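The structure under discussion appears below in the form of C-alpha cells.
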Amino acid sequence: MASHSLPIAVIGAGPVGLAAAAHLIERGETPVIFEAGASVGANMRDWSHVRMFSPWEFTVDKATVRLLESHGWQMPPKDQLPTGGDMVDLYLQPFAALPEISRHLHLNARVTAVSRRHVDKMKDAGRENAPFVLHITYADGRESFFEARGVIDASGTWQHPNPMGANGLPAVGEKRYANRIAYGIPDVLGSEYERYANKRVMVVGSGHSALNALLALTELVAAHPQTQVLWAMRGDNLRRVYGGGTDDALPARGQLGTRMKKAVESGVVKIVSPFRIRELMETSAGLSVIGDTDTGARNVEVDEIIVATGARPQFEMLRELRLDLDPSLESTRQLAPMIDPNVHSCGTVPPHGEAELRQPEKDFYIVGMKSYGRAPTFLLATGYEQVRSVVAALTGDWESARDVQLCLPETGVCSSGVGESGSCCTTGNAQPGILALDNIPVNSINDQAIQSQSIQGQTFPVALDTNSQCCHDR
C-alpha cells in the first residue's frame, strides 16, 4: 500500500486527540485513534469530580462541535462550568459515538512503540517515504502492527506524575509505600472519603492540584475534626501561592488564595516549608517523611500523602523516532523559549502551531499537554489550535498551517497588565501577554464564590487540565 493512501494515526482519545480527529475528517482524511484506556477521556475520569473554572463555551473545539452539531448535538448552556466528568459524558462520549469516529476508534489499545517500515532510527535511505509503524498492545494481551502516513501523539502526561523527591527522582521508599500515596487530585470528599477521614494527611506541591486537595481536606476536617492537614512545599514564597487576594484581577483566583490563607492562619492547614523530601520510612507512629529544611533535616509523621507536583512526558514508545527535544523542558526546541516557566513566570505564551511543534521525523507531531514537556503553562484552547495547524500541514494546506491564531473573548484580562482590556484574538506574529496555567482546574469544593471563569496564573478564562495538572489530553 502506498504511504499516501494510508490513514493518519492519533494517539490518545482525550479532548485534543479527538479534536485532531475532527479536523482530519473535515479535511477528508481518515483518522485512526488509539486510546489506552477503556473509554475516551480516560484520564479526565480520574478527576471527574473537579469543576473547571471556564464555561463550556471555552472548553470545546470548533471542529469537534461542528461535527457533533451536524448530528443534532446541543451544547450545554455556554455559561455553565463543566466538571471533568461532564466533559467526558456530555462532550467526548457523544463525539466518540458518531459513526465517523466510532468505526475508527480503538479502545484498550496502547501504543507501545512507533517506528518506520523496515527502517530503524539510524537509517537515512528511504526514511521519509516509509510509512510509520505503530506497535499496539491490547488489554487482552493481543499485539498488532498498524501503518500510518502520519502520527499525532496526543497521549498527554497524566499517567506519568512527577515523584515527590525534591530532585525530580522518587524519594527513597516512595515506591515501597505506594499504597499510602495518591498522585494528582483524589476525590477526597467522594470515593476516597474514608481513606482520609481522621488521618494525618500531607499534601506535597504548591499548584492548583495541591490547593484543590488542601481545600477539600479542610472540609473533611469540619466533619472529622481528628483529620490533620499538612502542606509541604519545596519553596517558601507563600505570596506567590496565595496570589493577589482582593487585588487579584481574577476574582476567583484571589478568592482561592484567600481561602487557602485563612485555612493556614486558622491552623486547619499546617505548613511545612521549605521542605525538600528525600526519604520515607515506616515507623510505629505511621509513615515518617524525611526532608531537608534550611536548618537541617526534619521528620514529619503522617498516615497518607497526596503528591500534587505535576506530571512529565514519557518518550519510551518514541525511541525509534528522531526527536529534537529541549534538554530542560522536554518540549521541542522551537517551543521551549516560548513556554519556559523560568522566564514566563506571568504567562506571555504566544500562539503557536505546526512550525514550533515540528520534529526531525517528518509527519510526526507531539501535541497537547505532552507538547509542553514539563512546562505547566498549557491551555486546552492552545491544544485545539495546535492540532488545527498540524492537520492543515499534514494535508498540504501550508498557508492555513502558518496562519496560527488564538481567539479569546473580551474579558478584561487578556494582557498581563492589570485592568487592561480588549480582544485576545492574536496571530503567531503577535506577542500577547496571556496565560500561565497550573495544569489542573480547581475544584469548586461546593463554594459558589469560587466558581468563576479563571485558572491560576491564566490571564483569560479558558480551562483545561495538570504542576500543574488540569485538563489532559487523554
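The values are calculated or read from the model by the stated rules, or taken from the named source; none is laboratory data. Computed from a prediction, not measured in an experiment: that's the story for all the values here. Don't worry about glycine lacking a Cβ; one is built from the backbone with ideal geometry, like all the others, and counts go over all protein chains shown.
Might you let me know whether segment 391-398 holds any residue that is assigned to a loop (DSSP other than H, G, I, E, B), surrounded by fewer than 24 Cβ atoms within 10 Å (Cβ to Cβ) and β-branched (Val, Ile, Thr)? Write out each step before concluding.
Just the residues of segment 391-398 that are assigned to a loop (DSSP other than H, G, I, E, B), to begin with: 395-397.
So of that shortlist, the ones also surrounded by fewer than 24 Cβ atoms within 10 Å (Cβ to Cβ) come out as 395-397.
Narrowing further to those that are β-branched (Val, Ile, Thr): 395.
Within segment 391-398, one or more residues are assigned to a loop (DSSP other than H, G, I, E, B), surrounded by fewer than 24 Cβ atoms within 10 Å (Cβ to Cβ) and β-branched (Val, Ile, Thr).
Look through 371, 444, 416 and report the one residue that is among the polar types (S, T, N, Q), at pLDDT below 95 and touching a helix residue (DSSP H, G or I) at 6+ places or on another chain (Cβ under 9 Å).
Values: 371 fails: at pLDDT below 95; 416 fails: touching a helix residue (DSSP H, G or I) at 6+ places or on another chain (Cβ under 9 Å).
So the residue among 371, 444, 416 that is among the polar types (S, T, N, Q), at pLDDT below 95 and touching a helix residue (DSSP H, G or I) at 6+ places or on another chain (Cβ under 9 Å) is 444.
For segment 326-343, enumerate the residues that are modelled with pLDDT under 90 and more than 18 Å from the chain's Cα centre (by Cα).
Within segment 326-343, 342, 343 qualify.
Tally up the residues in segment 194-213 that are assigned to a helix (DSSP H, G or I) and over 17 Å from the mean Cα position of the chain (by Cα), please.
So in segment 194-213, the residues assigned to a helix (DSSP H, G or I) come out as 194-196, 208-213.
Now drop any that are not over 17 Å from the mean Cα position of the chain (by Cα), which leaves 194-196.
The total comes to 3.
Residue 301 is checked against (1) closer than 30 Å to residue 187 by Cβ; (2) of a type in the set (Asp, Glu); (3) surrounded by fewer than 19 Cβ atoms within 10 Å (Cβ to Cβ); (4) in the same structural domain as residue 393 (by TED's automatic domain parsing) and fails just one. What number does that condition carry?
Tallying (1) closer than 30 Å to residue 187 by Cβ; (2) of a type in the set (Asp, Glu); (3) surrounded by fewer than 19 Cβ atoms within 10 Å (Cβ to Cβ); (4) in the same structural domain as residue 393 (by TED's automatic domain parsing), residue 301 fails exactly one: (4).
Mind counting the residues in segment 23-34 that are in contact with a helix residue (DSSP H, G or I) (Cβ under 8 Å, 6 or more places away or on another chain) and either surrounded by 23 or more Cβ atoms within 10 Å (Cβ to Cβ) or hydrophobic (A, V, I, L, M, F, W, C) (or both)?
In the first step, residues of segment 23-34 are kept if they are in contact with a helix residue (DSSP H, G or I) (Cβ under 8 Å, 6 or more places away or on another chain); the result is 23-27, 29-31, 33.
If we keep only those that are either surrounded by 23 or more Cβ atoms within 10 Å (Cβ to Cβ) or hydrophobic (A, V, I, L, M, F, W, C) (or both) too, we end up with 23-25, 31, 33.
Here the count works out to 5.
Scan segment 131-147 residue by residue and report those that are among the basic types (Lys, Arg) and under 27 Å from the mean Cα position of the chain (by Cα).
Initial filter on segment 131-147 (among the basic types (Lys, Arg)): 142.
Once the filter is applied, which keeps residues that are among the basic types (Lys, Arg) and under 27 Å from the mean Cα position of the chain (by Cα), segment 131-147 yields nothing.
Given the structure, is residue 139 modelled with pLDDT of 95 or more and touching a helix residue (DSSP H, G or I) at 6+ places or on another chain (Cβ under 7 Å)? Can you show your working first?
On the way: modelled with pLDDT of 95 or more: yes; touching a helix residue (DSSP H, G or I) at 6+ places or on another chain (Cβ under 7 Å): no.
Here the answer is no, as residue 139 does not meet what is asked.
So that you can scan it fast, the table gives a plain yes or no per residue for (1) of a type in the set (A, V, I, L, M); (2) assigned to a loop (DSSP other than H, G, I, E, B); (3) crowded, with 17+ Cβ neighbours inside 10 Å; (4) touching a Phe, Trp or Tyr at 6+ places or on another chain (Cβ under 6 Å):
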{"site": "36", "(1), (2), (3), (4)": "yes, yes, yes, no"}
{"site": "44", "(1), (2), (3), (4)": "yes, no, yes, no"}
{"site": "53", "(1), (2), (3), (4)": "no, yes, yes, no"}
{"site": "63", "(1), (2), (3), (4)": "yes, no, yes, no"}
{"site": "74", "(1), (2), (3), (4)": "no, yes, no, no"}
{"site": "79", "(1), (2), (3), (4)": "no, yes, no, no"}
{"site": "88", "(1), (2), (3), (4)": "yes, no, yes, no"}
{"site": "95", "(1), (2), (3), (4)": "no, no, yes, no"}
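Those residues that are buried (at least 21 other Cβ atoms within 10 Å of the Cβ), modelled with pLDDT under 95 and touching a Lys or Arg at 6+ places or on another chain (Cβ under 8 Å), I need them from segment 207-241; list them, please.
215
Might you check whether a residue that is of a type outside the set (A, V, I, L, M, F, W, C), under 18 Å from residue 404 (Cα atoms) and touching a strand residue (DSSP E or B) at 6+ places or on another chain (Cβ under 9 Å) occurs anywhere in segment 373-380?
no
Go through segment 150-164 and count every residue that is crowded, with 19+ Cβ neighbours inside 10 Å and either in contact with a Ser or Thr (Cβ under 8 Å, 6 or more places away or on another chain) or part of a loop (DSSP other than H, G, I, E, B) (or both). Steps first, please.
Step one: list which residues in segment 150-164 are crowded, with 19+ Cβ neighbours inside 10 Å, which gives 150-158, 161-164.
Cutting the leftovers down to either in contact with a Ser or Thr (Cβ under 8 Å, 6 or more places away or on another chain) or part of a loop (DSSP other than H, G, I, E, B) (or both) gives us 154-158, 161-164.
Number of matching residues: 9.
Could you tell me which residue of segment 276-286 is nearest to residue 237 (Cα to Cα), considering only residues that are of a type in the set (A, V, I, L, M, F, W, C) and modelled with pLDDT of 95 or more?
From segment 276-286, those of a type in the set (A, V, I, L, M, F, W, C) are 277, 280-281, 285; that's our starting set.
If we keep only those that are modelled with pLDDT of 95 or more as well, we get 277, 280-281.
On the way: 277: 17, 280: 25, 281: 28 Å.
Out of the qualifying residues, it is 277.
Sort out which residues of segment 215-236 are under 24 Å from the mean Cα position of the chain (by Cα) and not basic (Lys, Arg), and write them in order of number. So that I can check it myself, show each step before the final result.
So in segment 215-236, the residues under 24 Å from the mean Cα position of the chain (by Cα) come out as 215-217, 231-235.
Answer for segment 215-236, where residues must be under 24 Å from the mean Cα position of the chain (by Cα) and not basic (Lys, Arg): 215, 216, 217, 231, 232, 233, 235.
Could you check, for segment 249-256, whether at least one of its residues is among the hydrophobic types (A, V, I, L, M, F, W, C), outside any loop (DSSP other than H, G, I, E, B) and at pLDDT below 85? It would help to see each step written out before you state the result.
Initially, segment 249-256 is screened for residues among the hydrophobic types (A, V, I, L, M, F, W, C), giving 249-250, 252, 256.
The next check asks that each one be outside any loop (DSSP other than H, G, I, E, B); those that pass are 252, 256.
From the residues that got through so far, the ones that are at pLDDT below 85 too are 252, 256.
There is at least one residue in segment 249-256 that is among the hydrophobic types (A, V, I, L, M, F, W, C), outside any loop (DSSP other than H, G, I, E, B) and at pLDDT below 85.
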